[in-house]
Amino acid sequence: MAVPTLRCGFSGSRWTFALVDRGCRHRTVATFNWIRGQSSVAQQPLHTAQKPRKGAQEWAAVVGLEIHAQISSNSKLFSGAEVRFAAPPNSLVSFFDASLPGTLPVLNRRCVEAAVMTGLALNCHINQKSLFDRKHYFYADLPAGYQITQQRLPIAVNGNLAYSICVGKQQREITKTVRVKQIQLEQDSGKSLHDDLRSQTLVDLNRAGVGLLEVVLEPDLSCGEEAATVVRELQLILQALGTSQANMAEGQLRVDANVSVHHPGEPLGVRTEVKNLNSIRFLAKAIDYEIQRQISELENGGEILNETRSFDYKLGCTVPMRDKEGKQDYRFMPEPNLPPLLLYDSTSLPAGADPQQVIDIDRIRETLPELPSETRARLVQQYGMLPEHSFTLLNEVGLLEFFQNVIKETRAEPKKVVSWVLNTFLGYLKQQNLAVSESPVPPSALAELLDLLHTRAISSAAAKQVFEELWKSPGKPPAQIVSEKQLGLLQDREALEELCRATLDGHPQVVRDVKGGNPRAINKLIGLVRKATQGRAEPALIKQILEKQLSSPAP
Amino acid sequence: MLGRTLREVSVALKRGQVTPTELCQKCLALIQKTKFLNAYITVSEEAALKQAEASEKRYKKGQSLGDLDGIPVAVKDNFSTTGIETTCASNMLKGYVPPYNATVVQKLLDQGALLMGKTNLDEFAMGSGSTDGVFGPVKNPWSYSKQYREKRKQKPRDENDSDWLITGGSSGGSAAAVSAFTCFAALGSDTGGSTRNPAAHCGLIGFKPSYGLVSRHGLIPLVNSMDVPGILTRCVDDTAIVLGVLAGHDPKDSTTVQGPVNSFLLPSLTDVSKLCIGIPKEYLVPELSPEVRSLWSKAADLFDSEGAKVKEVSLPHTCYSIVCYHVLCTSEVASNMARFDGLEYGHRCDIDISTEAMYATTRREGFNDVVRGRILSGNFFLLKENYEDYFIKAQKVRRLIANDFVNVFNSGVDVLLTPTTLREAVPYLEFIQEDNRTRSAQDDIFTQAVNMAGLPAVNIPVALSRQGLPIGLQFIGPAFCDQQLLTVAKWFEQQVQFPVIQLEELMDDCSSVLANEKLASVSLKQQ
């Protein structure tokens, strides 16, 4: 939906471009990792041109988002047809979805509940009465010639979404808020596949009529990364609620960005709408590119057209979309086949109402699961981890669950677990570009390994070796690896003393160095002993024995 | 047997005086005989005979499904029917065979009714004459009645067939089908009067139920917020039987009302002294023919003389109604017709240089001028710059019109009594002197306000005009008081004793059919 009121409604804090730029730059070392490969965004040299020249005015960017989230439900918004990704073309199409004459929409209760849940999670006001409208345009993948949406009176309005970004050298976490203008229920369209070779368009209606939540954000954002962070947070919320799988690659979450630039204190500039943003990384890139493009355009005396642009991810730039020539008049009209959607709360619920026939907002509120921000706060409080660690745990799909399963099964300190999960485990995953679900090491194996470490059965160094072995030969119990590879901690002090003695004997020069006044040289000896033990002895103990042997006269 | 009412023939079926197959064959023969009326677009002979056979088996086993089992019915060709072409009398849907039954059709079939065929109409039900469909105009059976012919002193139709009358519309095919005894009941649709208008012209009961009482699922829409399936029969009791089958919540139509539906069996009123009949003064318009006016006032006198309270009431916004109807109707038409783009079903042109060119040509070839004109006006009213001035305003006026009725009914009025049409049916050649829009505006004058208010209304034939043509009056009731409305209508029907159409000439031609009548009392004049 176009948001013609974006500008009028704007009254929130504005972040001048220069300020944000500093923020973004500092974030080149951010440890957010909100999505795999995401850090590359921050490493892009952003907005180099808007650093104000002397005497030149600063530019401020204003970014608003319209996010379409496909509702996770078994059937479509107004028909009983199944919803499934990647089914054979036109295999999930009801008569209504194909707009056969005489068919009528029947609202899917699950989709309404999903909208209410999402509205509540985004602190929205839930409208107890909302309406459906028809939005008309001719397109091959829109069989009825109109889309049923909620233009006049949407199901939820006036919410907000808090998100955190880290700024400064200390990675200080600051929390910002973006206002949610409205959430509306609407139908998805089908898909057109253009066969240029035969100049044909093939239409797949599997997606036609799938329920969407359109979340319209007020233009409170000012750069690509802020937008990306907001979308990621929304994605996590939707996933926590189970209202959308919100997988961008599968098109379950689609983002359009409205971008404009202006000089602070002056009226807002003409905005463009950037579409075709199918990953969070491209979203950030496209917005930053578009901001940059608009600034250069204006600084070179050009003007910005109110147009729709598409992000070309290969070229890394936005280009005008050709198929939207001329202004569309959508000729909105109330949908006459759907009565007003009425919701109730505990005060308005009619006495004796059949729970199957009514939706009680308060009951849905009670069933809301823990939201990502609450989860993070709990992790910090419960396990004493750093806030940024809590972000990483949530941002990686499946990592939190993995972490919690390890914690459940191990006696090791939570901090130790955090460190192992975020450094070692995540490091391996990233190196091989795997998702948590694809990990060869299950939580139970890591838990067992951490137990061995905790009981000092193995050294830290040996633990690393065991982990590597676990990764290579999935399914082998850590204890077995320890015994097979003889990685158990060397407990026999006499044997260790023997080894130390032999090392001293074998390296008289180093011994001379130590005795000659270079105490640091002892580290070399420690290293040699550890090597001889294959890392199975504790360095502290080795040091203690060596010092004792060095200080006693040679036999 | 064919001249009987549905209720009577249902009794005959139960008593074994006639079998469903016999009945079906007789109707099929008569349909064949009256083909020149152009009442049917499709005659589903084979399916009907199969249904009759199945019905016959049920009767033999004593497992009749009810009053409609074995009864021949017809359905307007804008109701979807599985496996039977559904055209809306438009090139756009020629050859379109729906894969599903409209809920009302399914309900009829589930009760064992025999579907004889799909009846003619104005293209997409846009019209008031049944003259504007691609299959040609429907002829009013009364054109060939003894009553009319005698008055006109004209020769039999074969020699001079140029002065035949229109049926009214848009459900003219259904009206002609019932009027010519080719079936016992027919479904029409009523958006602005499309069931009541042809009923008035064809001397039938034409009933428009309360909006939300009967499912629209499968009815190809004209105006979703006003459309209702209509019922055409030869007597009020028959309408009540059919309504009893059709009424009720349909999970496939969210605008149908929840909750149980009471039986629509009608008590025989003996005392109307507790009734209050409202006569809306705004319905007395200069264009109203003196004959209709006089019958209207006689009807009021009848109620008065039987002890009912008859009072003049005011529906002050009536004069804005037809304009308001025009804006809302065309706007929804523009929207509803958007789906006919040649992609998924129906007509597709040969142009394929671009999708847009294909849309444009398909729609130009598929729709007639009336439909295209309404689409154009509707889109104009829905433009952003016009929406407030036209659509929103019309919606507000619609609310005022609906409130007019509410106020009147709240003031103690039980039913309103009005004319249904300005005058009796006119000859086709006269009718087409005016364009469709002008005709619709004139002909819907007494009927469309009811659709905007969602109320039940029924046409009851009252008497023959001096020309020997039927004139009907309309009763309007409060929303969801359909049974009460029909009860009053039934009492009135019994008082007026409207004459049965005398189609001896036609029937004589069918003598071979009628010769098989098992009952001695066969008569088309059963007063």
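The values are calculated or read from the model by the stated rules, or taken from the named source; none is laboratory data. The model shown is predicted, which means the values in this text are computed figures rather than measured ones. Here the Cβ positions follow ideal geometry from the backbone for every residue, glycine too, while neighbour counts run over all protein chains shown.
Which residues, taken from the stretch B:63-75, are surrounded by 21 or more Cβ atoms within 10 Å (Cβ to Cβ) and out of contact with any Cys (no Cβ under 9 Å at 6 or more places or on another chain)? Show your work before the answer.
Here is the first cut: in the stretch B:63-75, the ones surrounded by 21 or more Cβ atoms within 10 Å (Cβ to Cβ) are B:67-75.
Listed by number, the residues that qualify are B:D67, B:L68, B:D69, B:V75.
Specify which of the listed residues (B:E332, B:E385) is over 30 Å from B:T86 (Cα atoms) and either part of a loop (DSSP other than H, G, I, E, B) or within 11 Å of chain A (Cβ to nearest Cβ) (or both).
Details: B:E332 fails: over 30 Å from B:T86 (Cα atoms).
Answer to the check: B:E385.
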Residue count, the stretch A:300-322 (criterion: under 10 Å from A:T272 (Cβ atoms) and part of a strand (DSSP E or B)):
4
From the option list A:R152, A:R134, A:R109, single residue qualifying as touching a Leu at 6+ places or on another chain (Cβ under 6 Å), on the phi < 0 side of the Ramachandran plot, within 14 Å of chain B (Cβ to nearest Cβ) and of a type in the set (D, E, K, R) is A:R152
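One line per residue, one yes/no per condition, for (1) surrounded by fewer than 23 Cβ atoms within 10 Å (Cβ to Cβ); (2) closer than 21 Å to A:D220 by Cα:
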| residue | (1), (2) |
| --- | --- |
| A:P264 | yes, yes |
| A:E273 | yes, yes |
| A:F282 | yes, yes |
| A:D288 | no, yes |
| A:S296 | yes, no |
So A:N337 fits all but one of (1) within 13 Å of chain B (Cβ to nearest Cβ); (2) out of contact with any Pro (no Cβ under 6 Å at 6 or more places or on another chain); (3) not acidic (D, E); what number is the exception?
(2)
Residue under question is A:L349, and the condition is that it be assigned to a loop (DSSP other than H, G, I, E, B), more than 10 Å from chain B (Cβ to nearest Cβ), without any contact (Cβ under 8 Å) to a residue 24 or more places away in the chain and surrounded by 12 or more Cβ atoms within 10 Å (Cβ to Cβ); does it hold?
yes
Taking the condition of a type outside the set (D, E, K, R), within 26 Å of B:R216 (Cα to Cα) and out of contact with any helix residue (DSSP H, G or I) (no Cβ under 8 Å at 6 or more places or on another chain), does B:N379 pass?
no
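Residues that are among the basic types (K, R) and within 25 Å of A:T243 (Cβ to Cβ): does the stretch A:161-175 have at least one? Full working, then the answer.
So the first thing to find is which residues in the stretch A:161-175 are among the basic types (K, R), and the list is A:169, A:172.
Keeping just the survivors that are within 25 Å of A:T243 (Cβ to Cβ) gives none.
No, the conditions are met nowhere in the stretch A:161-175.
Rundown of residues vs (1) in contact (Cβ under 8 Å) with a residue 40 or more places away in the chain; (2) surrounded by fewer than 20 Cβ atoms within 10 Å (Cβ to Cβ); (3) farther than 29 Å from B:K490 by Cβ, yes/no style:
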| site | (1), (2), (3) |
| --- | --- |
| B:G378 | yes, no, yes |
| B:V397 | yes, yes, yes |
| B:T420 | yes, no, no |
| B:A425 | yes, no, no |
| B:Q448 | yes, no, no |
Within the stretch A:372-388, which residues are in contact with a Leu (Cβ under 8 Å, 6 or more places away or on another chain) and surrounded by fewer than 21 Cβ atoms within 10 Å (Cβ to Cβ)?
A:T375, A:V380
Restricting attention to the stretch A:251-293, which residues are among the polar types (S, T, N, Q), more than 26 Å from A:I71 (Cα to Cα) and free of Cβ contacts under 8 Å to residues at least 60 places away in the same chain?
A:T272
Would you confirm, using the coordinates I've provided, whether A:L450 is of a type in the set (A, V, I, L, M), over 27 Å from the mean Cα position of the chain (by Cα) and part of a helix (DSSP H, G or I)?
yes
State which residue is surrounded by the most Cβ atoms within 10 Å (Cβ to Cβ) when the search covers only the stretch A:93-114 and only residues that are of a type in the set (V, I, T), under 34 Å from the mean Cα position of the chain (by Cα) and not in a helix (DSSP H, G or I).
A:V93
Reported set for the stretch B:91-149 where residues are within 19 Å of the chain's Cα centre (by Cα), within 14 Å of chain A (Cβ to nearest Cβ) and not in a loop (DSSP other than H, G, I, E, B) is B:T103, B:V104, B:V105, B:Q106, B:K118, B:E123, B:F124, B:A125
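Yes or no: the stretch A:372-389 includes at least one residue that is of a type in the set (G, A, S) and on the phi > 0 side of the Ramachandran plot. Don't jump to the end; show me each part of the working.
Within the stretch A:372-389, the first condition is being of a type in the set (G, A, S), and the residues that meet it are A:373, A:377, A:384.
Next, only the ones that are on the phi > 0 side of the Ramachandran plot stay: A:384.
Yes, that holds for at least one residue.
For (1) facing chain A (nearest Cβ under 9 Å); (2) in contact (Cβ under 8 Å) with a residue 12 or more places away in the chain; (3) not in a helix (DSSP H, G or I), each residue gets a yes or a no:
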residue: B:E344; (1), (2), (3): yes, no, yes
residue: B:R348; (1), (2), (3): no, yes, yes
residue: B:R363; (1), (2), (3): no, yes, no
residue: B:G373; (1), (2), (3): no, yes, no
Filter the stretch A:435-462 for residues that are within 16 Å of A:V406 (Cα to Cα) and aliphatic (A, V, I, L, M) and give the result.
A:V436, A:V441, A:A445, A:L446, A:A447, A:L449, A:L450, A:L452, A:L453
For the stretch B:267-281, state whether one or more residues are surrounded by fewer than 21 Cβ atoms within 10 Å (Cβ to Cβ), assigned to a helix (DSSP H, G or I) and on the phi < 0 side of the Ramachandran plot.
yes
Please pick out the residue among A:R365, A:R331 that is touching a Leu at 6+ places or on another chain (Cβ under 6 Å), at negative phi and at pLDDT 95 or above.
A:R365
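Report, by residue number, each residue of the stretch A:428-437 that is in a helix (DSSP H, G or I), more than 18 Å from the chain's Cα centre (by Cα) and exposed (fewer than 15 other Cβ atoms within 10 Å of the Cβ).
Just the residues of the stretch A:428-437 that are in a helix (DSSP H, G or I), to begin with: A:428-431, A:436-437.
Among the residues that remain, those that are also more than 18 Å from the chain's Cα centre (by Cα) are: A:428, A:431.
The one that is in a helix (DSSP H, G or I), more than 18 Å from the chain's Cα centre (by Cα) and exposed (fewer than 15 other Cβ atoms within 10 Å of the Cβ): A:Q431.
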Taking the stated definitions as given, is B:D158 in contact with a strand residue (DSSP E or B) (Cβ under 9 Å, 6 or more places away or on another chain) and either over 20 Å from B:T103 (Cα atoms) or at pLDDT below 95 (or both)?
no
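Test B:P98 against the criterion of being surrounded by 24 or more Cβ atoms within 10 Å (Cβ to Cβ), at pLDDT 95 or above and closer than 26 Å to B:R15 by Cβ, and give yes or no.
Details: surrounded by 24 or more Cβ atoms within 10 Å (Cβ to Cβ): yes; at pLDDT 95 or above: yes; closer than 26 Å to B:R15 by Cβ: no.
Against the criterion (surrounded by 24 or more Cβ atoms within 10 Å (Cβ to Cβ), at pLDDT 95 or above and closer than 26 Å to B:R15 by Cβ), B:P98 does not qualify.
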Which of (1) closer than 21 Å to B:T420 by Cα; (2) at pLDDT 95 or above; (3) in contact with a Ser or Thr (Cβ under 9 Å, 6 or more places away or on another chain) does B:L219 not meet, given it meets every other one?
(1)
Anything in the stretch B:351-361 that is away from every other protein chain (no Cβ under 12 Å) and either closer than 14 Å to B:A338 by Cβ or part of a loop (DSSP other than H, G, I, E, B) (or both)? List them, or say none.
B:I351
